[in-house]
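A short worksheet on the structure shown next.
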Amino acid sequence: MLRAHDAEAYPRFDKRVRRLGRFLDTLGRSTPPDIKTPGLSDAVRALRLGTSFKALGRDGSRTILRVLPMAVADLVAESFESEALRAALAWRGVRFGAVGPWSAGTAAMLLMDGAGNDGGAAGETVFARGGPGALANALAAAARDAGAEIRTKAEVIAITSRDGAATGVVLANGEEISARGVISGADPKRTLVDLVDPVALGPSLGWRAGNIRTPGVVAKVNLALRVLPTFPAAADDEAALKGRIVVAPSIDAMERAFDATKYGRWSDQPILEATIPSLTDPSLVEGAKPGVHVMSVIAQYAPYSLAGNVGEAAGDWATSADAFGDAVVDVLSSVAPGIKKLISHRQVLTPVDLERQYGLTGGHPLHAEPGLDQFFVWRPLLGHARYRLGIERLYLCGSGAHPGGGITGGPGQNAAREILKDLRAQRS
(Lines give C-alpha, C1' and ligand atoms only; values in the text may rest on other atoms or scores of the structure.)
Protein backbone atom coordinates (compact mmCIF):
# COMPACT_ATOMS: atom_id res chain seq x y z
CA MET A 1 0.00 0.00 0.00
CA LEU A 2 1.38 3.42 -0.99
CA ARG A 3 1.97 5.64 2.00
CA ALA A 4 0.81 9.25 2.11
CA HIS A 5 4.40 10.46 2.37
CA ASP A 6 5.34 8.56 -0.78
CA ALA A 7 2.34 9.84 -2.70
CA GLU A 8 3.43 13.39 -1.94
CA ALA A 9 7.09 12.67 -2.66
CA TYR A 10 6.53 10.99 -6.02
CA PRO A 11 5.86 14.14 -8.13
CA ARG A 12 9.01 15.74 -6.73
CA PHE A 13 11.09 12.64 -7.49
CA ASP A 14 9.63 12.37 -10.98
CA LYS A 15 10.42 16.04 -11.69
CA ARG A 16 13.95 15.54 -10.44
CA VAL A 17 14.55 12.50 -12.66
CA ARG A 18 13.16 14.31 -15.70
CA ARG A 19 15.35 17.33 -15.08
CA LEU A 20 18.55 15.34 -14.69
CA GLY A 21 17.55 13.11 -17.60
CA ARG A 22 17.35 16.09 -19.96
CA PHE A 23 21.06 16.75 -19.51
CA LEU A 24 21.89 13.08 -20.08
CA ASP A 25 19.71 13.15 -23.19
CA THR A 26 21.79 16.05 -24.53
CA LEU A 27 24.92 14.07 -23.69
CA GLY A 28 23.51 11.01 -25.44
CA ARG A 29 22.81 12.90 -28.66
CA SER A 30 26.39 14.18 -28.79
CA THR A 31 29.38 12.48 -30.34
CA PRO A 32 32.03 11.93 -27.64
CA PRO A 33 35.00 14.30 -28.03
CA ASP A 34 38.19 13.44 -29.85
CA ILE A 35 40.56 12.97 -26.92
CA LYS A 36 43.69 12.79 -29.12
CA THR A 37 43.31 15.75 -31.46
CA PRO A 38 40.27 17.81 -30.43
CA GLY A 39 39.04 20.25 -33.03
CA LEU A 40 36.56 23.07 -33.48
CA SER A 41 33.56 20.70 -33.65
CA ASP A 42 34.56 19.27 -30.27
CA ALA A 43 34.66 22.76 -28.82
CA VAL A 44 31.18 23.51 -30.20
CA ARG A 45 29.79 20.29 -28.71
CA ALA A 46 31.46 21.04 -25.39
CA LEU A 47 29.81 24.47 -25.41
CA ARG A 48 26.40 22.90 -26.00
CA LEU A 49 26.94 20.42 -23.20
CA GLY A 50 28.11 23.21 -20.94
CA THR A 51 24.97 25.19 -21.72
CA SER A 52 22.81 22.13 -20.96
CA PHE A 53 24.69 21.53 -17.71
CA LYS A 54 24.29 25.19 -16.72
CA ALA A 55 20.54 24.90 -17.36
CA LEU A 56 20.38 22.46 -14.45
CA GLY A 57 21.04 25.36 -12.12
CA ARG A 58 23.25 25.34 -9.07
CA ASP A 59 21.18 22.75 -7.25
CA GLY A 60 20.72 20.50 -10.29
CA SER A 61 24.40 20.55 -11.27
CA ARG A 62 25.45 19.60 -7.76
CA THR A 63 22.78 16.92 -7.62
CA ILE A 64 23.75 15.16 -10.83
CA LEU A 65 27.42 15.03 -9.85
CA ARG A 66 26.42 13.52 -6.52
CA VAL A 67 23.82 11.13 -7.93
CA LEU A 68 25.64 9.55 -10.90
CA PRO A 69 27.99 7.31 -8.86
CA MET A 70 25.32 6.42 -6.28
CA ALA A 71 23.63 3.07 -5.76
CA VAL A 72 20.03 3.29 -6.96
CA ALA A 73 18.91 1.82 -3.62
CA ASP A 74 20.25 4.93 -1.88
CA LEU A 75 18.69 7.24 -4.48
CA VAL A 76 15.14 5.92 -4.04
CA ALA A 77 15.53 5.66 -0.26
CA GLU A 78 16.10 9.41 -0.09
CA SER A 79 12.54 10.01 -1.32
CA PHE A 80 10.39 7.00 -0.43
CA GLU A 81 9.48 4.81 2.54
CA SER A 82 7.55 2.01 0.83
CA GLU A 83 9.75 -1.00 -0.02
CA ALA A 84 7.53 -1.96 -2.95
CA LEU A 85 7.79 1.50 -4.52
CA ARG A 86 11.52 1.71 -3.88
CA ALA A 87 12.04 -1.63 -5.61
CA ALA A 88 9.78 -0.84 -8.57
CA LEU A 89 11.70 2.37 -9.27
CA ALA A 90 15.13 0.89 -8.55
CA TRP A 91 14.46 -1.88 -11.10
CA ARG A 92 15.18 0.52 -13.94
CA GLY A 93 18.66 1.04 -12.51
CA VAL A 94 19.56 -2.66 -12.72
CA ARG A 95 17.51 -3.92 -15.68
CA PHE A 96 19.76 -5.73 -18.21
CA GLY A 97 22.84 -5.12 -16.06
CA ALA A 98 25.01 -7.48 -14.04
CA VAL A 99 24.44 -5.32 -10.97
CA GLY A 100 22.21 -5.21 -7.92
CA PRO A 101 20.45 -2.18 -6.43
CA TRP A 102 23.32 -1.64 -3.98
CA SER A 103 25.92 -1.54 -6.78
CA ALA A 104 27.64 1.81 -7.32
CA GLY A 105 26.60 3.67 -10.48
CA THR A 106 23.14 2.13 -10.76
CA ALA A 107 21.52 5.52 -10.09
CA ALA A 108 23.17 6.70 -13.31
CA MET A 109 21.73 3.68 -15.12
CA LEU A 110 18.23 4.68 -14.00
CA LEU A 111 18.73 8.26 -15.22
CA MET A 112 20.22 7.13 -18.54
CA ASP A 113 17.30 4.75 -19.05
CA GLY A 114 14.96 7.74 -18.80
CA ALA A 115 17.02 10.00 -21.05
CA GLY A 116 15.61 10.26 -24.54
CA ASN A 117 12.08 9.02 -23.79
CA ASP A 118 9.53 10.63 -21.50
CA GLY A 119 12.30 10.99 -18.92
CA GLY A 120 10.04 10.21 -15.98
CA ALA A 121 10.65 7.95 -13.02
CA ALA A 122 8.16 5.33 -14.16
CA GLY A 123 9.40 5.11 -17.74
CA GLU A 124 7.46 4.44 -20.92
CA THR A 125 6.03 1.20 -22.26
CA VAL A 126 5.94 1.25 -26.05
CA PHE A 127 4.80 -1.55 -28.36
CA ALA A 128 5.32 -1.62 -32.11
CA ARG A 129 2.00 -2.54 -33.70
CA GLY A 130 2.53 -5.93 -35.29
CA GLY A 131 5.43 -6.75 -32.98
CA PRO A 132 9.20 -6.16 -33.34
CA GLY A 133 9.10 -7.81 -36.76
CA ALA A 134 6.80 -5.07 -38.01
CA LEU A 135 9.27 -2.43 -36.86
CA ALA A 136 12.12 -4.26 -38.62
CA ASN A 137 10.04 -4.51 -41.81
CA ALA A 138 9.23 -0.80 -41.72
CA LEU A 139 12.91 0.11 -41.31
CA ALA A 140 13.85 -2.29 -44.10
CA ALA A 141 11.26 -0.73 -46.41
CA ALA A 142 12.59 2.75 -45.70
CA ALA A 143 16.16 1.59 -46.39
CA ARG A 144 15.18 0.00 -49.70
CA ASP A 145 13.35 3.18 -50.71
CA ALA A 146 16.62 5.01 -50.11
CA GLY A 147 18.47 2.58 -52.40
CA ALA A 148 19.80 0.05 -49.93
CA GLU A 149 20.10 -3.65 -50.75
CA ILE A 150 19.29 -5.94 -47.83
CA ARG A 151 20.49 -9.54 -47.65
CA THR A 152 19.45 -11.96 -44.93
CA LYS A 153 20.82 -15.42 -44.09
CA ALA A 154 24.23 -14.12 -45.15
CA GLU A 155 26.47 -14.65 -42.13
CA VAL A 156 29.55 -12.44 -42.00
CA ILE A 157 32.61 -14.34 -40.76
CA ALA A 158 35.30 -11.72 -41.31
CA ILE A 159 35.91 -8.03 -41.97
CA THR A 160 38.62 -7.58 -44.57
CA SER A 161 41.18 -4.79 -44.43
CA ARG A 162 44.23 -3.47 -46.21
CA ASP A 163 46.80 -0.93 -44.99
CA GLY A 164 44.85 -0.38 -41.77
CA ALA A 165 41.48 0.31 -43.39
CA ALA A 166 38.36 -1.83 -43.76
CA THR A 167 37.72 -2.96 -47.34
CA GLY A 168 34.67 -5.23 -47.03
CA VAL A 169 33.39 -8.47 -45.54
CA VAL A 170 33.61 -12.21 -46.12
CA LEU A 171 30.46 -14.34 -45.90
CA ALA A 172 30.20 -17.88 -44.57
CA ASN A 173 29.73 -19.20 -48.12
CA GLY A 174 33.11 -17.73 -49.10
CA GLU A 175 31.75 -14.72 -51.00
CA GLU A 176 33.67 -11.49 -50.54
CA ILE A 177 31.90 -8.14 -50.72
CA SER A 178 34.04 -5.04 -51.24
CA ALA A 179 32.97 -1.75 -49.70
CA ARG A 180 34.12 1.81 -49.10
CA GLY A 181 33.42 1.22 -45.42
CA VAL A 182 31.96 -1.33 -43.01
CA ILE A 183 29.34 -0.44 -40.42
CA SER A 184 28.82 -3.04 -37.71
CA GLY A 185 25.61 -3.39 -35.72
CA ALA A 186 27.12 -6.31 -33.83
CA ASP A 187 28.54 -5.81 -30.35
CA PRO A 188 32.04 -4.29 -30.20
CA LYS A 189 33.71 -7.38 -28.72
CA ARG A 190 32.38 -9.64 -31.48
CA THR A 191 33.25 -7.05 -34.12
CA LEU A 192 36.84 -6.58 -33.04
CA VAL A 193 37.79 -9.95 -31.58
CA ASP A 194 35.90 -12.31 -33.89
CA LEU A 195 35.66 -10.47 -37.21
CA VAL A 196 38.69 -8.19 -37.62
CA ASP A 197 42.06 -9.72 -38.49
CA PRO A 198 44.06 -9.69 -35.22
CA VAL A 199 47.18 -8.60 -37.13
CA ALA A 200 45.34 -5.52 -38.43
CA LEU A 201 43.92 -4.89 -34.97
CA GLY A 202 47.18 -5.20 -33.09
CA PRO A 203 47.82 -6.95 -29.76
CA SER A 204 47.01 -3.98 -27.52
CA LEU A 205 43.61 -3.17 -28.99
CA GLY A 206 42.77 -6.85 -29.31
CA TRP A 207 43.49 -7.33 -25.60
CA ARG A 208 41.43 -4.29 -24.65
CA ALA A 209 38.50 -5.40 -26.83
CA GLY A 210 38.56 -8.81 -25.19
CA ASN A 211 38.13 -7.11 -21.81
CA ILE A 212 34.94 -5.23 -22.73
CA ARG A 213 32.50 -6.33 -20.05
CA THR A 214 29.56 -8.32 -21.45
CA PRO A 215 28.29 -10.34 -18.46
CA GLY A 216 24.80 -11.35 -19.56
CA VAL A 217 22.44 -12.07 -16.65
CA VAL A 218 19.10 -11.77 -18.45
CA ALA A 219 16.82 -14.55 -19.65
CA LYS A 220 13.71 -14.07 -21.78
CA VAL A 221 10.62 -16.20 -21.13
CA ASN A 222 7.75 -16.06 -23.64
CA LEU A 223 4.38 -17.49 -22.69
CA ALA A 224 1.29 -18.30 -24.73
CA LEU A 225 -1.78 -17.99 -22.48
CA ARG A 226 -5.17 -19.58 -23.10
CA VAL A 227 -6.91 -16.65 -21.38
CA LEU A 228 -5.84 -13.44 -19.70
CA PRO A 229 -4.57 -14.23 -16.18
CA THR A 230 -6.02 -12.54 -13.12
CA PHE A 231 -3.78 -10.17 -11.17
CA PRO A 232 -5.52 -9.35 -7.86
CA ALA A 233 -3.32 -6.26 -7.41
CA ALA A 234 -4.69 -4.86 -10.68
CA ALA A 235 -8.27 -5.22 -9.41
CA ASP A 236 -9.49 -6.63 -12.74
CA ASP A 237 -8.40 -3.42 -14.48
CA GLU A 238 -7.31 -4.57 -17.93
CA ALA A 239 -5.90 -1.12 -18.71
CA ALA A 240 -3.45 -1.52 -15.81
CA LEU A 241 -2.05 -4.64 -17.46
CA LYS A 242 -1.17 -2.84 -20.70
CA GLY A 243 1.98 -1.43 -19.14
CA ARG A 244 4.88 -3.16 -17.42
CA ILE A 245 4.24 -5.69 -14.66
CA VAL A 246 7.27 -5.57 -12.35
CA VAL A 247 7.65 -8.26 -9.73
CA ALA A 248 10.29 -6.90 -7.36
CA PRO A 249 9.12 -7.25 -3.74
CA SER A 250 11.86 -5.19 -2.13
CA ILE A 251 15.38 -3.82 -2.51
CA ASP A 252 16.70 -6.71 -0.41
CA ALA A 253 14.88 -9.28 -2.56
CA MET A 254 16.50 -7.76 -5.65
CA GLU A 255 19.94 -7.83 -4.06
CA ARG A 256 19.51 -11.47 -3.00
CA ALA A 257 18.48 -12.38 -6.54
CA PHE A 258 21.64 -10.66 -7.82
CA ASP A 259 23.80 -12.39 -5.21
CA ALA A 260 23.21 -15.76 -6.88
CA THR A 261 25.06 -14.62 -10.02
CA LYS A 262 28.23 -13.97 -8.03
CA TYR A 263 28.52 -17.72 -7.57
CA GLY A 264 27.44 -18.73 -11.07
CA ARG A 265 23.88 -19.63 -10.06
CA TRP A 266 20.53 -18.51 -11.37
CA SER A 267 18.17 -16.96 -8.87
CA ASP A 268 15.37 -19.22 -7.65
CA GLN A 269 13.40 -16.04 -6.89
CA PRO A 270 14.11 -14.00 -10.05
CA ILE A 271 13.07 -10.39 -10.51
CA LEU A 272 10.64 -10.07 -13.39
CA GLU A 273 9.34 -7.48 -15.81
CA ALA A 274 6.40 -8.82 -17.80
CA THR A 275 4.30 -7.29 -20.55
CA ILE A 276 1.21 -8.56 -22.35
CA PRO A 277 1.61 -6.92 -25.77
CA SER A 278 -1.46 -8.67 -27.21
CA LEU A 279 -3.63 -6.41 -25.03
CA THR A 280 -2.40 -3.43 -27.01
CA ASP A 281 -1.95 -5.20 -30.34
CA PRO A 282 -4.50 -8.00 -30.94
CA SER A 283 -2.88 -8.75 -34.31
CA LEU A 284 -0.19 -10.69 -32.41
CA VAL A 285 -2.77 -13.43 -31.70
CA GLU A 286 -4.81 -13.02 -34.86
CA GLY A 287 -6.37 -16.33 -35.87
CA ALA A 288 -6.10 -17.81 -32.38
CA LYS A 289 -9.05 -18.67 -30.17
CA PRO A 290 -10.79 -15.73 -28.45
CA GLY A 291 -9.11 -14.76 -25.19
CA VAL A 292 -5.65 -16.02 -26.12
CA HIS A 293 -2.76 -13.74 -25.14
CA VAL A 294 1.03 -13.67 -25.24
CA MET A 295 3.23 -12.60 -22.35
CA SER A 296 6.85 -11.51 -22.62
CA VAL A 297 8.98 -11.76 -19.48
CA ILE A 298 12.44 -10.35 -18.77
CA ALA A 299 13.92 -12.41 -15.94
CA GLN A 300 16.94 -11.62 -13.80
CA TYR A 301 19.20 -13.01 -12.64
CA ALA A 302 20.47 -15.79 -14.89
CA PRO A 303 24.26 -15.65 -15.45
CA TYR A 304 25.76 -16.68 -18.78
CA SER A 305 28.32 -18.95 -17.11
CA LEU A 306 26.83 -21.42 -14.66
CA ALA A 307 28.65 -23.05 -11.79
CA GLY A 308 25.44 -24.97 -11.16
CA ASN A 309 22.57 -24.59 -8.73
CA VAL A 310 22.08 -27.15 -6.00
CA GLY A 311 21.67 -30.60 -7.51
CA GLU A 312 22.53 -29.47 -11.05
CA ALA A 313 25.46 -30.04 -13.36
CA ALA A 314 27.97 -27.21 -13.48
CA GLY A 315 27.91 -24.86 -16.43
CA ASP A 316 25.02 -26.47 -18.30
CA TRP A 317 22.15 -24.23 -19.35
CA ALA A 318 20.83 -27.06 -21.53
CA THR A 319 19.72 -28.86 -18.36
CA SER A 320 18.89 -25.72 -16.35
CA ALA A 321 16.68 -23.75 -18.75
CA ASP A 322 13.47 -25.59 -17.89
CA ALA A 323 14.15 -25.34 -14.17
CA PHE A 324 14.71 -21.61 -14.48
CA GLY A 325 11.53 -21.31 -16.54
CA ASP A 326 9.69 -23.07 -13.70
CA ALA A 327 11.13 -20.57 -11.22
CA VAL A 328 9.89 -17.69 -13.38
CA VAL A 329 6.38 -19.15 -13.56
CA ASP A 330 6.40 -19.74 -9.79
CA VAL A 331 7.16 -16.06 -9.21
CA LEU A 332 4.43 -15.06 -11.66
CA SER A 333 2.03 -17.32 -9.77
CA SER A 334 2.66 -15.28 -6.62
CA VAL A 335 1.05 -12.25 -8.28
CA ALA A 336 -1.24 -14.04 -10.76
CA PRO A 337 -2.61 -17.15 -9.01
CA GLY A 338 -3.46 -19.98 -11.37
CA ILE A 339 -1.35 -18.74 -14.27
CA LYS A 340 0.42 -22.10 -14.56
CA LYS A 341 -2.80 -23.74 -15.77
CA LEU A 342 -3.24 -21.06 -18.44
CA ILE A 343 0.10 -21.63 -20.20
CA SER A 344 -0.23 -23.50 -23.48
CA HIS A 345 3.33 -22.93 -24.66
CA ARG A 346 6.56 -21.68 -23.07
CA GLN A 347 9.87 -20.57 -24.56
CA VAL A 348 12.92 -19.96 -22.37
CA LEU A 349 15.82 -18.04 -23.90
CA THR A 350 18.89 -18.15 -21.67
CA PRO A 351 21.92 -15.85 -22.08
CA VAL A 352 23.59 -18.68 -24.01
CA ASP A 353 20.58 -18.79 -26.36
CA LEU A 354 20.74 -15.01 -26.79
CA GLU A 355 24.39 -15.32 -27.80
CA ARG A 356 23.83 -18.28 -30.11
CA GLN A 357 20.67 -17.02 -31.82
CA TYR A 358 21.24 -13.26 -31.84
CA GLY A 359 25.02 -12.91 -31.73
CA LEU A 360 25.08 -11.13 -28.35
CA THR A 361 28.47 -11.81 -26.80
CA GLY A 362 27.93 -13.16 -23.30
CA GLY A 363 24.19 -12.91 -23.93
CA HIS A 364 24.21 -9.22 -22.98
CA PRO A 365 21.14 -7.45 -24.49
CA LEU A 366 22.89 -4.06 -24.43
CA HIS A 367 26.07 -5.32 -26.21
CA ALA A 368 28.16 -4.18 -23.22
CA GLU A 369 27.56 -3.45 -19.56
CA PRO A 370 26.09 0.09 -19.19
CA GLY A 371 28.21 1.10 -16.17
CA LEU A 372 29.99 4.42 -15.79
CA ASP A 373 33.26 2.75 -16.80
CA GLN A 374 31.70 1.94 -20.20
CA PHE A 375 29.81 5.18 -20.81
CA PHE A 376 30.39 8.22 -23.08
CA VAL A 377 34.11 8.43 -24.00
CA TRP A 378 34.63 4.95 -22.50
CA ARG A 379 31.98 3.23 -24.67
CA PRO A 380 33.08 0.85 -26.00
CA LEU A 381 36.71 1.84 -25.34
CA LEU A 382 38.57 5.01 -24.51
CA GLY A 383 39.89 6.43 -27.78
CA HIS A 384 37.31 4.53 -29.86
CA ALA A 385 34.04 6.13 -28.74
CA ARG A 386 33.40 8.24 -31.85
CA TYR A 387 31.81 5.36 -33.83
CA ARG A 388 35.10 4.78 -35.68
CA LEU A 389 36.35 1.45 -34.43
CA GLY A 390 39.90 0.17 -34.40
CA ILE A 391 40.79 0.59 -38.08
CA GLU A 392 39.88 3.20 -40.66
CA ARG A 393 36.45 3.03 -42.30
CA LEU A 394 35.15 0.53 -39.74
CA TYR A 395 32.21 1.94 -37.79
CA LEU A 396 30.07 0.81 -34.85
CA CYS A 397 26.38 1.71 -34.78
CA GLY A 398 24.78 -0.67 -32.23
CA SER A 399 24.08 -0.56 -28.51
CA GLY A 400 27.76 -1.10 -27.73
CA ALA A 401 28.38 2.47 -28.93
CA HIS A 402 27.48 5.68 -27.09
CA PRO A 403 24.86 6.27 -25.66
CA GLY A 404 24.02 2.56 -25.48
CA GLY A 405 20.58 1.50 -24.35
CA GLY A 406 18.07 -0.83 -25.96
CA ILE A 407 16.13 -0.25 -29.17
CA THR A 408 16.43 3.55 -29.14
CA GLY A 409 18.16 4.29 -32.44
CA GLY A 410 20.42 6.70 -30.56
CA PRO A 411 23.79 5.08 -31.36
CA GLY A 412 22.74 4.59 -34.99
CA GLN A 413 21.67 8.20 -35.40
CA ASN A 414 24.94 9.48 -33.95
CA ALA A 415 26.99 7.03 -36.02
CA ALA A 416 25.18 8.01 -39.23
CA ARG A 417 26.06 11.65 -38.65
CA GLU A 418 29.75 10.82 -38.26
CA ILE A 419 29.81 8.40 -41.22
CA LEU A 420 28.22 10.97 -43.52
CA LYS A 421 30.79 13.50 -42.37
CA ASP A 422 33.60 11.11 -43.31
CA LEU A 423 32.04 10.30 -46.69
CA ARG A 424 31.74 13.99 -47.55
CA ALA A 425 35.38 14.51 -46.56
CA GLN A 426 36.45 11.62 -48.83
CA ARG A 427 34.58 13.11 -51.80
CA SER A 428 36.17 16.47 -51.33
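So the values come out like this:
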read-out: Count of residues meeting criterion [modelled with pLDDT of 95 or more, surrounded by fewer than 17 Cβ atoms within 10 Å (Cβ to Cβ) and farther than 18 Å from Pro277 by Cβ] in region 211-236; value: 2
read-out: Qualifying positions in region 257-290 - small (Gly, Ala, Ser), more than 19 Å from Gly93 (Cβ to Cβ) and part of a helix (DSSP H, G or I); value: Ser278, Ser283
read-out: Residues of region 183-228 classified as of a type outside the set (Lys, Arg) and either part of a strand (DSSP E or B) or touching a Gly at 6+ places or on another chain (Cβ under 7 Å) (or both), total; value: 25
read-out: Residue that is farther than 30 Å from Ala108 by Cα and surrounded by 13 or more Cβ atoms within 10 Å (Cβ to Cβ), where the choices are Ala166, Ala141, Ala121; value: Ala166
read-out: Some residue of region 333-344 being among the charged types (D, E, K, R), out of contact with any strand residue (DSSP E or B) (no Cβ under 9 Å at 6 or more places or on another chain), at pLDDT 95 or above and over 18 Å from Phe96 (Cα atoms); value: yes
read-out: Gly131 out of contact with any Cys (no Cβ under 6 Å at 6 or more places or on another chain), of a type outside the set (Phe, Trp, Tyr), over 28 Å from Lys421 (Cβ atoms) and touching a residue at least 60 places away in the same chain (Cβ under 8 Å); value: yes
read-out: Top-ranked residue in region 78-118 [being in a loop (DSSP other than H, G, I, E, B) and β-branched (Val, Ile, Thr); ranked as farthest from Thr408 (Cα to Cα)]; value: Val99
read-out: Residue match in region 127-144 (condition: over 26 Å from Ala302 (Cα atoms), outside any helix (DSSP H, G or I) and within 18 Å of the chain's Cα centre (by Cα)); value: yes
read-out: Residue within region 356-379 that is part of a helix (DSSP H, G or I), farther than 28 Å from Gly105 by Cβ and either in contact (Cβ under 8 Å) with a residue 12 or more places away in the chain or of a type in the set (Lys, Arg) (or both) present; value: yes
read-out: Set Thr31, Thr51: member being over 23 Å from Gly371 (Cα atoms) and among the polar types (S, T, N, Q); value: Thr51
read-out: Any hit, region 325-339, residues being closer than 23 Å to Pro365 by Cβ, buried (at least 19 other Cβ atoms within 10 Å of the Cβ) and not aliphatic (A, V, I, L, M); value: yes
read-out: Arg66 without any contact (Cβ under 8 Å) to a residue 24 or more places away in the chain and loosely packed, with under 15 Cβ neighbours inside 10 Å; value: yes
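The values are calculated or read from the model by the stated rules, or taken from the named source; none is laboratory data. Note that this is a predicted model, so its numbers are computed, not measured. So basically every Cβ, Gly included, is an ideal-geometry build from the backbone, and we count neighbours across all protein chains shown.
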